[in-house]
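Here is the structure we will look at, set down as structure tokens.
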Amino acid sequence: MKRSVHALILAAGKGTRFKSEKIKVLHSLMGKSMIQIVLDSVSRLKPEKIHIIVGYQKDAVKAETSGDHMHCVEQKEQKGTGHAVLSAKSALRKEGDKDLLVMNGDLPLIRTETLRPFLKFHQKMNNSLTFMTSEPENPFGFGRVFKTEKGGFFVIEEKDATPEQKKIKEVNVGIYLFNIKDLFRALPKISNNNKKGEFYLTDIVEIMSLEGMKVGKFKTENREEVVGVNDRFELALAADVLRKRKIESLTSSGVTVYDPKTTWIDFDVKVGRDSILYPSVILEGKTVIGSHCKIYPFSHIIDSKIGDRTKVLTSSMVEMSTLEKDVQIGPFTRLRPNSILKQGARVGNFVEMKNTVFGKGSKAGHLSYLGDSEIADDVNIGAGTICCNYDGENKNKTIIEEGAFIGSGVELVAPVKVGKKAYVGAGSTITKNVSPGSLAVERGKQIEKKDWTKKGKK
Ligand code: UD1
Ligand code: CA
């Protein structure tokens, strides 16, 4: 029978090479923190529990990793990867004969599909330790893998390796499977007698081998998945890999992506069938796009819902908003949080909207600001309409009822209401409610001075 497995993720180190105020594992790739991405992959193996070693910025890491089966263990001082694992001894002591997957927290590219055969191999071989290796194009920075005379292995870290040893291509990737009892028998024997003065987890490979425990290696061909993220350039490279994976999964489910190189789509974004994403589109957060939508170039959509057949024309920004079916916005529309565009609505060039419900089939074609307003169905908003929603202290509401027509260049000084099918003449500054069916015009009388230019004015 398959032995049950626990997991342990190393996430206590600062990540000095990131040169950041924030701990490395909390940096994000495609809208998700590095540690969360790792936890997602590990969770799919269904371990009994995932223990997370926290230290630097421990409260922030704890907050990010809370949940069922998650258990944070503090490593008070960061004295190396071996020392980090040792801090989980009391949490794991009772688990004796079970297996433990130990993994560096900076491996966001690892997929469950790669971990699964590794676990299977380890359990089939009944090893005390199996460690994963690979042959990356550039082994710089990795611990190199060597065989002992008696068929065991040892690892030499980059910093401690001689130029000759550095030529070895096979490296330790930072993913291990242990028999828990054997792990904690051998772990106290590691020392910090090395260039960094740290307790290296990698030393346990040699210790277990010399003690005659069964140590094996599992070389993965998926070398792209096991590159650690140690600096921000590697973060960018890893994000690019995840980006391609996301695009592949969308295209294989029936989405057209014209230019995969310039399209950025976060992990949790969903896009429906037969939708088309033009070049340089960015979809972030929990955005959901329906089917048969077209998202044109340079549009940026964050945490929003886009209904079927809706078009987002060039260079529009949509944030925390909802566009129902058959809506069209842009080019250059800006929808700030809480804009709700009902079915068939059209919002055009240089229109900004915020906290506004915009009714079915209503139109705002050009150059307007619609804030804190309730605009009913079939309303026409003329070019240059402004909801004057802020009086310096409070945000006030504008209500425009069904079928109303707002002429161009109108200021609606809120709180104010325009009744059903009412008209507001162009250029008006409306400060009083307009009753249903009436026409409101507020305008200075046009005067004309005859022969003005002849009197010396140009
Ligand atoms: C480690 C391995 C190296 C391997 C490489 C693969 C060791 C000594 N070396 O090196 O053989 O090739 O990963 O990417 O293990 N951490 C703690 N507590 C600490 C120190 C580190 O929790 O005291 C955590 C870090 O947050 C990180 C992980 O352990 O998530 C790995 O540490 P890192 O310093 O990145 O190890 P590498 O130098 O990459
Ligand atoms: Ca690393």
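The values are calculated or read from the model by the stated rules, or taken from the named source; none is laboratory data. What you see is a predicted model, and the numbers here were worked out from it, not measured in a lab. Please note: Cβ atoms are built from the backbone with ideal geometry, for glycine as well, and neighbour counts cover all protein chains shown. Remember, those area values only see protein heavy atoms, side chains included, never the ligands or the DNA or RNA. Shrake-Rupley method; radii C 1.70, N 1.55, O 1.52, S 1.80 Å.
State to the nearest 20 debye the size of the charge dipole of the chain about its Cα centre, where the only charges are +1 on K and R beta carbons and -1 on D and E beta carbons.
540 debye
Using only protein heavy atoms and a 1.4 Å probe, report how much of residue 292 is accessible, in Å² to the nearest 10.
100 Å²
Going by alpha carbons, how many degrees (0 to 90, nearest 10) lie between the helix axis of 112-125 and the longest principal axis of the chain?
With both axes taken from Cα atoms, the answer is about 20 degrees.
Please name which of 405, 440, 452 has its Cα lying farthest along the dipole of the stretch 319-458 towards the positive end, using unit charges on Cβ (Lys, Arg +1; Asp, Glu -1) and the Cα centre as origin.
452
Relative to the compact-globule scaling 2.2 N^0.38 Å, provide the ratio for the alpha-carbon radius of gyration of the chain.
1.37
Compute the separation of the alpha-carbon centres of the stretch 132-203 and the stretch 219-242 and state it in Å as a whole number.
Centre-to-centre distance over Cα atoms comes out at 19 Å.
For n ≥ 4 DSSP H runs only, could you compute -39500 (n - 2.57) per run for the chain, divide by its residues and tell me the 222 nm figure to the nearest 500?
That comes out to -5000 deg cm²/dmol.
What figure in square angstrom, to the nearest 10, would you give for the accessible area of residue 119 with a 1.4 Å probe?
20 Å²
Calculate the FRET efficiency for residue 74 and residue 433 from the Cβ-Cβ distance with a Förster distance of 60 Å, rounded to the nearest 0.05.
FRET efficiency, residue 74 to residue 433: 0.45.
What percentage of the solvent-accessible surface of the chain, computed with a 1.4 Å probe over protein heavy atoms, is contributed by carbon and sulfur atoms?
50 percent
Are any of the pairs 246/363; 58/181; 147/167; 246/305; 58/166 more than 24 Å apart by Cα-Cα distance, and if so, which?
In this structure, 246/363; 58/181; 58/166 exceed 24 Å between Cα atoms.
With every protein chain left in place and a probe of 1.4 Å, what is the accessible surface of residue 309, to the nearest 10 Å²?
Residue 309 exposes around 120 Å² with every protein chain in place.
Where does helix 34-43 land angle-wise versus the long Cα axis of the chain, in degrees 0 to 90, nearest 10?
60 degrees
Sort 229-235, 370-376 for me by packing, meaning the mean count of neighbouring Cβ atoms within 10 Å per residue, highest on top.
370-376, 229-235
Sort 241-254, 311-324 by the packing proxy (mean of other Cβ within 10 Å over each peptide's residues), most packed first.
311-324, 241-254
Considering only 139, 277, 238, whose Cα is most displaced toward the positive end of the charge dipole of the chain, charges sitting on Cβ of Lys, Arg (+1) and Asp, Glu (-1)?
Most positive-ward Cα: 277.
Under the rule a/c < 1.5 gives rounded, and otherwise a/b versus b/c splits prolate from oblate, where does the stretch 243-324 land using the Cα gyration tensor?
Because its axes are fairly even, with a/c under 1.5, the stretch 243-324 counts as rounded.
Calculate how steeply helix 232-252 sits against the longest principal axis of the alpha-carbon atoms of the chain, using the helix alpha-carbon long axis, and give the answer as 0 to 90 degrees to the nearest 10.
70 degrees
To the nearest Å, what is the center-to-center distance of the stretch 26-72 and the stretch 323-345, using C-alpha atoms only?
One Cα centre to the other: 36 Å.
With charges only on Cβ, +1 for K and R and -1 for D and E, what is the dipole size of the stretch 319-407 about its Cα centre, in debye, rounded to 20?
About 260 debye.
Which whole-Hz couplings ³J(HN,Hα) result when phi for each residue of the stretch 64-74 is put into the Karplus expression 6.51 cos²θ - 1.76 cosθ + 1.60, θ = phi - 60°, listed in order with x for Gly and Pro?
Once rounded to whole Hz, the list reads 6, 10, 6, x, 4, 6, 9, 8, 8, 10, 8.
How much length is gained if the chain between residue 219 and residue 16 is pulled fully straight, taking 0.36 nm per residue apart and subtracting their Cα-Cα distance, in nm to one decimal?
Length gained between residue 219 and residue 16: 70.2 nm.
Can you give me the C-alpha center-to-center distance between the stretch 369-440 and the stretch 265-307, rounded to a whole angstrom?
Cα centroid of the stretch 369-440 versus Cα centroid of the stretch 265-307: 32 Å apart.
Less than 17 Å apart at the alpha-carbon level, and either on another chain or at least 8 residues along: which lysines does that give for residue 124?
Leaving aside lysines fewer than 8 places away in the same chain, those within reach of residue 124 are 2, 98, 214, 217, 219.
So for 300, 6, 69, what's the accessible-area order with a 1.4 Å probe, most first?
69, 300, 6
Just name one of 60, 36, 73: the one whose Cα is farthest towards the positive end of the charge dipole of the stretch 34-181 (beta-carbon charges, Lys/Arg +1, Asp/Glu -1).
The Cα lying farthest towards the positive end belongs to 73.
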